[in-house]
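The values are calculated or read from the model by the stated rules, or taken from the named source; none is laboratory data. Just so it is clear, the structure is predicted and the values come from calculations on it, not from any experiment. Neighbour counts are summed over all protein chains in view; Cβ atoms, including those assigned to glycine, are modelled from backbone coordinates with ideal geometry. All accessible areas refer to the heavy atoms of the entire protein, side chains included, with ligands and DNA or RNA removed. Shrake-Rupley method; radii C 1.70, N 1.55, O 1.52, S 1.80 Å.
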Amino acid sequence: MDLIYWKDTERSGMVLTGIVVGLLSLFQLSIITVVSTVSLAVMCFTISVRIYYQILYILSWGDGEHPFKSYLDLDITFSGAQADLYMQKAIVLTLSAVDTLKRLIFVGSLFDSLKLLFLMYLVTYLGDLCNGLTLLIISVIAFFSLPLFYRQRQEQVDGVIAKVQAHVDNFRDILQRLAQGGGPPPDPTPGGAKPKSQ
């Protein structure tokens, strides 16, 4: 969260630049070449720094502390209960996704399946305009820019989202009425009672 909200500008900039440059390099090189080259560069950097600190300690110009001690001491282990919890969440999410796909593909709900059909039709046009790697790069840039933009202009964005949501809900109601036979909109008065004319 600190990265995407740019609390440490230098660190966020380095992470964003590294990810975007790595993805851009995939346009020209294979993923194996990119991963091996990046790994080689990181290993050369870490080994050089480790040797440099060791030389400083030999010359009595340093305290001999490992330069990456904070990373080596970082605890990334899970307890048995935590591992079980995360595994259960992953299983539940997977089964839920499979169940949703099953209902959409085998037309459990005609309206939802038609929405998926229309979405896939739009995706075909999107595929003609750009490839998946381009979308991934755009997604990374949006991931690092949109949360900060929303935080700075929350009121304006919420107003626009509310207007768009109202239009979407209205359009959805129209489609649902058409799917149910094109009946009139539901009566807004409580209990469906008609107000008496004067």
Cβ-based net charge around Leu95, under 12 Å, with every Lys or Arg adding one and every Asp or Glu removing one: +1
Protein-only accessible surface order, largest first, of Asp112, Asp75 at 1.4 Å: Asp75, Asp112
Efficiency of FRET from Cβ geometry, Leu3 and Asp173, R₀ 35 Å, rounded to 0.05: 0.30
25 Å Cα cut-off, lysine pairs counted over the chain (separation 8 or more, or different chains): 4
Cα gyration tensor shape for the stretch 1-104, rounded if a/c is under 1.5, else prolate or oblate: prolate
Cα-based shape type of the stretch 62-118, given that a ≥ b ≥ c are square roots of the gyration tensor eigenvalues and the cut on a/c is 1.5: oblate
Mean-position separation - Cα centroids, the stretch 138-164 and the stretch 92-132, in angstrom: 25
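Which FRET efficiency value, to the nearest 0.05, do you get for Ser30 and Leu126 by plugging their Cβ-Cβ distance into 1/(1 + (r/R0)^6) with R0 = 35 Å?
Plugging the Cβ-Cβ distance into 1/(1 + (r/R0)^6) gives 0.90.
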Theoretical FRET efficiency, 1/(1+(r/R0)^6), r = Cβ-Cβ of Arg50 and Arg151, R0 45 Å, to 0.05: 0.70
Inter-site label distance for Ser70 and Ile138 at 7 Å from Cα along Cβ, in nm: 3.7
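At 1.4 Å probe size, with every protein chain present, just tell me what the per residue accessible area of the chain comes to in Å².
Value returned for the chain: 84 Å² of accessible area per residue.
With charges set only on the Cβ (+1 for Lys and Arg, -1 for Asp and Glu), what does the dipole of the chain come to about its Cα centre, in debye to the nearest 20?
Working: 15 positive and 16 negative charges, 156 e Å.
The calculated dipole for the chain is roughly 740 debye.
Per residue of the chain, what 222 nm ellipticity follows from adding -39500 (n - 2.57) for every DSSP H run with n ≥ 4, rounded to the nearest 500?
The helix-only estimate for the chain comes to -24500 deg cm²/dmol at 222 nm.
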Dipole of the chain, positive direction: furthest Cα of Val92, Leu119, Thr17, with charges on the beta-carbon: Leu119
Within the stretch 88-180: Cβ-based charge dipole about Cα centre, in debye rounded to nearest 20 (Lys, Arg +1; Asp, Glu -1): 140
Extension gain from Ile161 to Ser60, taking 0.36 nm per residue of separation minus the Cα-Cα distance: 30.2 nm
Reduced Cα scattering model of the chain, Debye log10 I(q)/I(0), q = 0.10, 0.14, 0.15, 0.19 Å⁻¹: -0.86, -1.34, -1.41, -1.40
Assigned charges on the beta-carbon of Lys, Arg, Asp, Glu; the stretch 16-131 dipole about Cα centre (debye): 320
